[in-house]
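*Asks:* Mind having a look at this structure? Questions to follow.
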Amino acid sequence: MNNIFDTHAHYDDEAFSEDREELLGLLQTKGVAGVLSCGINLVSSYENLKLAKQYDYIYCAIGIHPENIADERKGDLDLIKELLKTEPKAVAVGEIGLDYYWEENAPRDVQIDLFRRQIEIAKELDLPVIVHDRDAHEDTFNILKEMRPKGVLHCYSGEKEQALQYTKMGFYIGMGGVVTFKNARKAVEVVESIPLDKLLLETDCPYLAPVPHRGERNDSSLIYLVAEKIGEIRGMDPQEVLDITAENAKAFLNVK
Ligand code: NI
């Protein structure tokens, strides 16, 4: 299979420290056509930008993740905006959003404030947002409904009804390894019901490797397993799933 477009990776992660160059040098020979590598704070955003400049097929998203709000320094958002304005390979604002799962995360109002300010940047620059929503479905939905950026709900974990509301508003739904998991009832229902032109594939690597690699380090080449599962659910050829979602990714990120 070929034409894999991974719309959510973290190739700056230390899980890739040992063999990053070797892995990224080989991904295209394993069917990978494009990757969006996402920052989680300013330092990580710079690292991903470096990778995007080094490899033709890699693009990057720049932003501050809700679990990393403590890393934010005064002026970071100005720098983020400047990078997004001036760097051609920086094509999205992310990873941003709300995470109410971890108790040690910043208070909800602080998370919401940073989420909103980063959405504002995306809207000003006419760029998409890469949205993380963990146990914060209602607040995430309300903010996106009100502010209406272009965006994807990455590693979507909500119910299919809300997924359909999102796609009606023009948002994309990102699906990855979770759909292959044994307990993936919700993810399977989402894949069954959303319009294919709003589906994006992703890894969230190094995390969430698809079955039969669950628990191992994930990378973009394993997306073929996600395409096989989605093909099974939708009664389609997996290569067709990859082709359609790659086109969706290019349109979404405005890249060729
Ligand atoms: Ni992520």
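*Asks:* Give the residues of segment 144-177 that are β-branched (Val, Ile, Thr) and open to solvent by less than 10 Å² (accessible area, probe 1.4 Å), sorted by residue number. Steps first, answer last, please.
*Replies:* Keep residues of segment 144-177 that are β-branched (Val, Ile, Thr), which gives 152, 167, 173.
Correct list: Val152, Ile173.
*Asks:* Hey, another quick one. Determine if segment 5-23 includes at least one residue that is of a type in the set (Lys, Arg), out of contact with any Leu (no Cβ under 7 Å at 6 or more places or on another chain) and under 26 Å from Gly231 (Cβ atoms). Don't jump to the end; show me each part of the working.
*Replies:* Restricting attention to segment 5-23, the residues satisfying the condition of being of a type in the set (Lys, Arg) are 20.
Adding the requirement that they be out of contact with any Leu (no Cβ under 7 Å at 6 or more places or on another chain) leaves 20.
Imposing the further condition that a residue be under 26 Å from Gly231 (Cβ atoms) reduces the set to none.
Looking for residues that are of a type in the set (Lys, Arg), out of contact with any Leu (no Cβ under 7 Å at 6 or more places or on another chain) and under 26 Å from Gly231 (Cβ atoms), one finds none in segment 5-23, hence no.
*Asks:* Follow-up. How many residues does segment 101-132 contain that are within 16 Å of the ligand (Cβ to nearest atom) and either out of contact with any strand residue (DSSP E or B) (no Cβ under 9 Å at 6 or more places or on another chain) or of a type in the set (Phe, Trp, Tyr) (or both)?
*Replies:* So the answer is 3.
*Asks:* Which one of these does Glu103 not meet: (1) open to solvent by 10 Å² or more (accessible area, probe 1.4 Å); (2) touching a Ser or Thr at 6+ places or on another chain (Cβ under 7 Å); (3) not hydroxyl-bearing (Ser, Thr, Tyr)?
*Replies:* (2)
*Asks:* Here are some conditions: (1) touching a helix residue (DSSP H, G or I) at 6+ places or on another chain (Cβ under 6 Å); (2) open to solvent by less than 10 Å² (accessible area, probe 1.4 Å); (3) more than 18 Å from Glu202 (Cα to Cα). Ile80 meets all but one. Which one does it not meet?
*Replies:* With (1) touching a helix residue (DSSP H, G or I) at 6+ places or on another chain (Cβ under 6 Å); (2) open to solvent by less than 10 Å² (accessible area, probe 1.4 Å); (3) more than 18 Å from Glu202 (Cα to Cα) applied to Ile80, the lone miss is (1).
*Asks:* Any residue at all in segment 41-57 that is touching a Ser or Thr at 6+ places or on another chain (Cβ under 9 Å) and closer than 18 Å to Glu120 by Cα?
*Replies:* no
*Asks:* Among the residues of segment 44-59, write down those that are open to solvent by less than 20 Å² (accessible area, probe 1.4 Å) and under 25 Å from Ala106 (Cα atoms). Before the answer, list the steps.
*Replies:* Going residue by residue through segment 44-59, those that are open to solvent by less than 20 Å² (accessible area, probe 1.4 Å) are 44-45, 48-49, 51-52, 57-58.
Hits for segment 44-59 are Ser44, Ser45, Asn48.
*Asks:* Related question: Mind listing whichever residues of segment 101-132 are closer than 13 Å to Ile62 by Cα and of a type in the set (S, T, N, Q)?
*Replies:* Within segment 101-132, just Gln118 meets the criteria.
*Asks:* Give the number of residues within segment 1-43 that are over 13 Å from the mean Cα position of the chain (by Cα), within 16 Å of the ligand (Cβ to nearest atom) and open to solvent by less than 10 Å² (accessible area, probe 1.4 Å).
*Replies:* Here the count works out to 1.
*Asks:* Here's something else I'd like to know. Looking only at segment 53-61, decide whether some residue is touching a Phe, Trp or Tyr at 6+ places or on another chain (Cβ under 8 Å) and outside any strand (DSSP E or B).
*Replies:* Initial filter on segment 53-61 (touching a Phe, Trp or Tyr at 6+ places or on another chain (Cβ under 8 Å)): 58.
Checking which are outside any strand (DSSP E or B) leaves us with none.
No, every residue in segment 53-61 fails to be touching a Phe, Trp or Tyr at 6+ places or on another chain (Cβ under 8 Å) and outside any strand (DSSP E or B).
*Asks:* Can you name the residue in segment 207-222 that is buried (at least 20 other Cβ atoms within 10 Å of the Cβ) and outside any helix (DSSP H, G or I) and is also farthest from the ligand (Cβ to nearest atom) among such residues? Explain how you work it out, then say what you get.
*Replies:* In the first step, residues of segment 207-222 are kept if they are buried (at least 20 other Cβ atoms within 10 Å of the Cβ); the result is 208-210, 218-222.
This time we only want the ones that are outside any helix (DSSP H, G or I), so: 208-210, 218-219.
Numbers: Leu208: 9, Ala209: 14, Pro210: 16, Asn218: 11, Asp219: 14 Å.
Result: Pro210.
The values are calculated or read from the model by the stated rules, or taken from the named source; none is laboratory data. No experiment lies behind these values; they were computed from the predicted model shown. Cβ coordinates were reconstructed from backbone atoms using ideal geometry, including for glycine residues, and neighbour counts include every protein chain displayed. Surface areas here come from the heavy atoms of the whole protein model, side chains and all, with no ligands, DNA or RNA. Shrake-Rupley method; radii C 1.70, N 1.55, O 1.52, S 1.80 Å.
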